[in-house]
Amino acid sequence: MSGFGVFLAIATAFSWALGCVVHTTASRVMLIRQPLASVVLGIFCLVMGDLWLPSLHLFWLAAASGVFGIIIGDACQYAGALTIGLRPAQVCQSLSSCFTALFGSIYLNEYIGLQGWLGMFVATCGVILVVLSEQRDAHNPPVSSKQRNKGVILAAVFVALGIVFSKQALQEGIGALPLAFYRNAISTAGIWAVGLAFGAIRPAFGNLKANPGILKLFPLGCLFGPAGGIWLSCVALDYLPAAVAAMLIGLQPIALLIITGIMERRIPAPNSIIGSIIACTGAAILLLR
């Protein structure tokens, strides 16, 4: 087990947690955020001489990772943040590690074992406790259990698929930086295609014009989210098994409780703290298997 990979995965958890805070605030102009992140990553690739055209097979792996992990996964995540609240939506991403372990055992031949499954079960119990606790939080919108459960499962499954495809692409030779670039570039094309189909382009620019202050959030959003955050996650995946990386990245609940607690100047509900600790305990059990 690589200590450097563990550090990068935990750094990704904090990066994505902070990025989610920024992105939820600027959720209506995400059509503009994604191309900016692609440009930033493209510049880094050019500077480091790492912008190469992968084989068709690697390109499709990167494309699948971008479609499932960013286009669909992020859409579910941000929709969940607006539907059930930011912290419950983020905590639910811990479940993606369970699906990642399952898919990894099937497609990547990664060994889970009894201790691994125990860790995922413990983490899932922690997630459920936090979701139930945060559902009663007055800061979060009321939502039916059907909506909540649907959002939780969809986001977790698609994020897991994105991680598995990324890991497979890394195993087959693509570098972490070009993978992050192609994931973002392909997802940008997909997001804009969907935006054009549903007439969302003009409203996005209209919202930006009406709220120019949102532009100040873009640099932070790119740094911690689709640019820096995804790059960190790809490097972590390069050093760790997909299931372990996903579980550590899924420690976003702890990161988010700290970040939002500082920003909102309030202490999370006791059950939220306990549930997050339980989720982290499950991650540790999986990590030490």
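I need the phi-derived Karplus couplings for region 170-180: 6.51 cos²θ - 1.76 cosθ + 1.60, θ = phi - 60°, integer Hz, Gly and Pro marked x.
Calculated HN-Hα couplings, in order: 5, 5, 9, x, 7, x, 5, 5, x, 4, 4 Hz.
What distance in nm separates the simple spin-label points at Ile262 and Ile277, each placed 7 Å from Cα in the Cβ direction?
2.1 nm
If we count every other residue with Cβ under 11 angstrom of Gly175's Cβ, Lys/Arg +1 and Asp/Glu -1, where does the sum land?
Values: positive: none; negative: Asp50, Asp238.
Value of the local net charge: -2.
Can you work out the Karplus-derived ³J(HN,Hα) for every residue in region 256-263? Use 6.51 cos²θ - 1.76 cosθ + 1.60 with θ = phi - 60°, whole Hz, and x for glycine or proline.
Ordered by residue, 3J(HN,Hα) equals 5, 4, 5, 5, 5, x, 6, 5 Hz.
Counting only other residues whose beta carbon sits under 13 Å from that of Gly66, what net charge do I get with K and R as +1, D and E as -1?
Local net charge: 0.
In sequence order, what are the phi-derived ³J(HN,Hα) couplings for region 154-161 according to the Karplus relation 6.51 cos²θ - 1.76 cosθ + 1.60 with θ = phi - 60°, rounded to whole Hz, with x for glycine and proline?
Along region 154-161, the couplings run 4, 4, 5, 5, 6, 4, 4, 4 Hz.
Quick note: the coordinates plus some simple rules give every number you see, no bench work behind them. As the structure is a prediction and not an experimental result, all values here were calculated from the model. FYI the Cβ positions are ideal-geometry reconstructions off the backbone, even for glycines, and counts take in every protein chain you see.
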